[in-house]
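Remarks on the structure that follows.
The values are calculated or read from the model by the stated rules, or taken from the named source; none is laboratory data. Given the structure is predicted, the values throughout are model-derived calculations rather than measurements. Neighbour counts run over all protein chains shown; Cβ positions are idealised from the backbone, glycine included. Only protein heavy atoms, including side chains, enter the accessible area calculation; ligands, DNA and RNA are left aside. Shrake-Rupley method; radii C 1.70, N 1.55, O 1.52, S 1.80 Å.
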Amino acid sequence: MAFDPHSLRQDFPILSQQAYDHPLVYLDNAATTQKPLSVLDAIQDYYRSFNANVHRGAHYLSDNATTRFEQARDTVARFINAPEQSHIIWSKGTTEAINMVAYGLEHLLEKGDEILITSLEHHANLVPWQQLAFRTGARLRILPLTSQGEWEDEYASYFTDRTRIFATTQVSNAIGVHTPLQAMLTQAKQHNAFTLVDGAQAVAHYPIDVQALDCDFYVFSGHKMYGPTGIGVLYGKSHALEVLIPYQTGGEMVQHVTYQSTQFNTLPYRLEAGTPHIEGAIGLAAACEFLTQQDRHALLAWEQSLAHRVYTRLHKESHVAIYSPEKHTTLVSLSVPNIHTLDLNAYLDSQGIAVRAGSHCAHPLMSQLGVAGTLRASFACYNTLEEADRFCDVLLEAIDLLTDE
Amino acid sequence: MTDLPPYNSIKQQLQACRSKEETFKALVALSKRLTRLTAEEKTEENRVKGCESAVWLIIDNKDDTYSIKADSDAKLMRGVLVAILSLVQGKTKTERQKMDLKDELESLNLGSYLTQSRANGILAIIEKIKK
Ligand SMILES: Cc1ncc(COP(=O)(O)O)c(C=O)c1O
């Protein structure tokens with residue numbers, strides 16, 4: 001393998017620490033990634049050199065801040081190949097972006113309309129739609145994808161003339177599988193449904209081209225792609241963003257206000273009420289630049305090879321059940337019959353290994369798999385082969401310790 | 001039930017742990033002392049809400065004899081339950097209500113095995129025991 005993560009690790013000082021006297025092994029990247037120095041520096045630089053409120057103009061610092069803030073929008077637009085920066089709306093993260101769409105489209109929904117999502121969704125791409133259905137009398141329907149993520153012809157029947165919204169994840173956070181995105185989007189478009197793609201688990205790993213995807217909305221979080229927390233993105237096509245009723249109102253999103261009425265600002269500002277998360281946007285832009293400067297194919301191949309390594313080692317163990325695919329994924333999700341994932345997690349933690357145990361905010365999917373939860377090791381570009389192996393070794397140790405004679 | 005280790009020895013053992021790994025191993029060892037509940041006893045009614053792992057608690061409060069049984073699907077939690085059962089078994093209601101269970105458990109040096117996500121569950125168990 002040509003790629004060497006060791007030099008990249010210099011950019012992530014947090015990784016070179018001990019956890020309970022063991023070298024820290026961070027394999028909880030699907031929850032949040034660590035941040036490179038360039039992101040930390042960009043945030044520091046903002047506060048040290050040009051902190052001011054944006055768009056209120058009129059002085060040196062504010063002009064600087066505004067310029068950098070709008071450059072950040074442009075950087076993000078290029079990162080996902082959005083046609084223009086006005087298509088990029090800042091949000092707190094994926095969750096808020098989905099809520100912005102769910103509230104914004106409410107006025108277009110009628111009783112009997114259908115909202116279609118898949119069975120692989122994170123609660124963030126489920127609960128907002130379920131609640132929207134409650135409020136409008138629309139029906140929430142579930143496309144029962146298999147855990148392999150392949151398209152089956154019978155899925156087509158789930159898309160009907162009543163389907164007004166189709167929302168799907170690109171990659172499952174719980175089991176790492178890719179959904180059959182293109183086939184589903186094609187169906188949704190044939191039925192004139194609004195389409196939303198949850199890219200939270202995709203952006204850190206796969207180059208994204210929203211124009212090629214041709215979805216109406218694409219959403220993601222900064223913190224899962226080496227950027228800061230508290231910032232995320234709602235991308236939308238012009239017509240799709242135009243029909244959204246602003247989910248929040250107040251300052252910054254208006255052009256003119258009287259006591260009788262308000263004239264809203266144009267996009268993107270119409271959907272961004274209040275002082276934005278300026279440092280977050282600047283940090284996220286730095287994260288986009290960090291990724292753009294890498295050989296992204298090499299990074300992805302590396303991350304996939306680590307997941308594959310774990311898969312091949314553990315798959316041989318008859319008592320380990322693996323729910324993630326063998327290939328083309330950057331995480332491994334597993335369980336061991338008769339051993340609680342929390343117990344496995346506790347032992348891994350005691351050895352300095354950070355993973356995630358539980359239902360991964362996907363209760364219905366866990367029921368579908370017939371487990372209470374899984375243990376998930378998720379990889380990022382800075383993880384090493386030694387770390388992947390150490391995870392396997394310590395997991396097997398944990399299984400030994402937790403198995404009753 | 002009767003073969004639960006005495007609480008003081010459990011306390012000594014846990015307080016002597018010097019690392020997270022040692023505490024893990026001590027809890028695993030303790031977990032083996034628990035008399036497991038039968039499938040019939042693991043009812044929804046007996047289940048304690050708020051635990052990340054499933055925990056069942058059966059308290060028989062008739063007469064003056066207080067009997068308490070518990071189980072969990074997670075082994076470390078079973079270890080914690082052994083400590084709790086050993087602490088309260090044989091105590092009268094007034095004695096139990098006078099005890100600061102939470103304080104006592106915190107003195108066991110269980111660190112993250114007791115805190116955060118598990119804490120709500122432990123509090124719920126304590127509530128149930130105090131009744
Ligand atoms: C697929 C998916 N969607 C949505 C979310 C929610 O993201 P956030 O908590 O950053 O809003 C996550 C985070 O775990 C996720 O993995």
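For the stretch A:158-296, would you read off the P(r) tail past 18 Å as a percentage of all alpha carbon pairs?
Working: 6093 of 9591 pairs.
More than 18 Å apart: 64 percent of the Cα pairs in the stretch A:158-296.
Starting from the 7 Å offset along Cα-to-Cβ, what nm value, one decimal, do you get for the label separation of A:T403 and B:E104?
With each label point 7 Å from Cα toward Cβ, the separation is 3.7 nm.
Using only the alpha carbons of the stretch A:25-175, what is the convex hull's orientation-averaged projected area in square nanometres?
Numbers: hull surface 51.1 nm².
Computing the convex hull of the Cα atoms and averaging its projections yields 12.8 nm².
Enter the angle in degrees (range 0 to 90, nearest 10) between the Cα long axis of helix B:20-31 and the first principal axis of the Cα atoms of chain B, meaning the one along which they spread out most.
30
Enter the accessible area per residue of chain A (Å², integer; probe 1.4 Å; all protein chains in place). Don't skip to the answer; put the middle values down first.
Working: 16590 Å² over 405 residues.
That works out to 41 Å² per residue.
Quick one: how many Å² of A:T275 are accessible to a 1.4 Å probe, rounded to 10?
Rounded to the nearest 10, that gives 80 Å².
Please give the charge dipole size of the protein assembly as shown, origin at the Cα centre, charges +1 on K and R Cβ atoms and -1 on D and E Cβ atoms. Round to the nearest 20 debye.
Working: 49 positive and 63 negative charges, 240 e Å.
Dipole of the protein assembly as shown, to the nearest 20 debye: 1160 debye.
Please report the antiparallel percentage of DSSP beta bridges with both residues in the protein assembly as shown, rounded to the nearest 5. Before the final figure, lay out each step's value.
Working: 32 of 52 bridges.
Antiparallel: roughly 60 percent of the beta bridges in the protein assembly as shown.
Taking R0 as 30 Å, what FRET efficiency do you get between A:I245 and A:N81 from their Cβ-Cβ distance, rounded to the nearest 0.05? Walk me through the intermediate numbers first.
Working: r = 27 Å, r/R0 = 0.91.
After rounding, the FRET efficiency stands at 0.65.
Accessible area lost on pairing B with A, both sides, 1.4 Å probe, Å² to nearest 100?
Approximately 1300 Å² gets buried when B meets A.
Of all the Cα-Cα pairs you can form in chain A, what percent are over 31 Å apart? Don't skip to the end; give the middle numbers.
On the way: 33608 of 81810 pairs.
Of the Cα pairs, 41 percent sit more than 31 Å apart.
Compute the accessible area of each residue in the stretch A:386-405 twice, once for its chain alone and once with every protein chain present, using a 1.4 Å probe on heavy atoms, and list those whose area falls by at least 10 Å².
Listed in order, they are A:L401, A:L402, A:D404, A:E405.
Given that compact globular proteins tend to follow 2.2 N^0.38 Å, what is the ratio of the alpha-carbon Rg of the stretch A:219-320 to that value? Kindly include the intermediate steps, with their values, before the conclusion.
Details: Rg = 21.0 Å, N = 102, 2.2 N^0.38 = 12.8 Å.
Working it through for the stretch A:219-320, the quotient is 1.65.
On each of the three principal axes of the Cα atoms of the stretch B:1-78, give max minus min coordinate, whole Å, ordered largest first.
39, 30, 19
For A:S38, what is the net charge nearby, where nearby means another residue's Cβ is under 13 Å from its Cβ and Lys, Arg count +1, Asp, Glu -1? Present the calculation step by step, with values, prior to reporting the outcome.
Numbers: positive: A:K35; negative: A:D11, A:D41, A:D45, A:E289.
Taking every other residue near A:S38 into account, the sum is -3.
What's the FRET efficiency of A:E110 with A:Q190 using the Cβ-Cβ distance as r and R₀ = 22 Å, to the nearest 0.05? Intermediate values should be presented prior to the final figure.
Values: r = 20 Å, r/R0 = 0.93.
With R0 = 22 Å, the Cβ-Cβ based efficiency is 0.60.
At 1.4 Å probe size, with no ligands or nucleic acids counted, give the accessible surface of B:T92 in Å², nearest ten.
Solvent-accessible area, nearest 10 Å²: 50 Å².
So what's the angle, to the nearest 10 degrees on a 0 to 90 scale, between helix A:127-136 and the longest Cα principal axis of chain A?
Compared with the principal axis, the helix lies near 40 degrees.
Can you give the mean number of other chain Cβ atoms that lie within 10 Å of the Cβ atoms in peptide B:68-77?
Values: counts 0, 0, 0, 0, 2, 6, 10, 11, 7, 4.
Mean number of neighbouring Cβ atoms from other chains: 4.
Before anything else, pin down the relative contact order of the stretch A:13-93: Cα pairs under 8 Å, at least 6 apart, normalised by residue count, whole percent.
On the way: 48 pairs, mean separation 10.9, N = 81.
Taking the mean separation of contacting Cα pairs over the length of the stretch A:13-93, I get 13 percent.
Normalised by the residues of the stretch A:157-310, what does the relative contact order come to in percent, with Cα pairs under 8 Å and at least six apart? Could you put the intermediate results ahead of the total?
On the way: 203 pairs, mean separation 25.7, N = 154.
RCO, the stretch A:157-310: 17 percent.
Label 7 Å along Cα→Cβ of A:V127; the stretch A:366-405 residues with amide nitrogen under 16 Å?
Only A:366 pass the distance filter.
Kindly express, to the nearest 10 degrees and within the range 0 to 90, the angle between helix A:296-315's C-alpha long axis and the longest C-alpha principal axis of chain A.
Taking Cα atoms only, the helix is inclined about 40 degrees.
If you take the alpha carbon radius of gyration of chain B and divide it by 2.2 N^0.38 Å, what ratio comes out, to two decimals?
Values: Rg = 13.8 Å, N = 131, 2.2 N^0.38 = 14.0 Å.
With N residues counted in chain B, Rg over 2.2 N^0.38 Å equals 0.98.
Could you state the per residue volume, in Å³, of the convex hull enclosing the Cα atoms of the stretch A:12-53?
Values: hull volume 4.3 nm³, N = 42.
Hull volume over Cα atoms, normalised by residue count, gives 103 Å³.
For chain A, what is the relative contact order in percent, using Cα pairs closer than 8 Å and at least 6 residues apart in sequence? Walk me through the numbers before you get to the answer.
On the way: 778 pairs, mean separation 88.4, N = 405.
Once normalised by length, the contact order is 22 percent.
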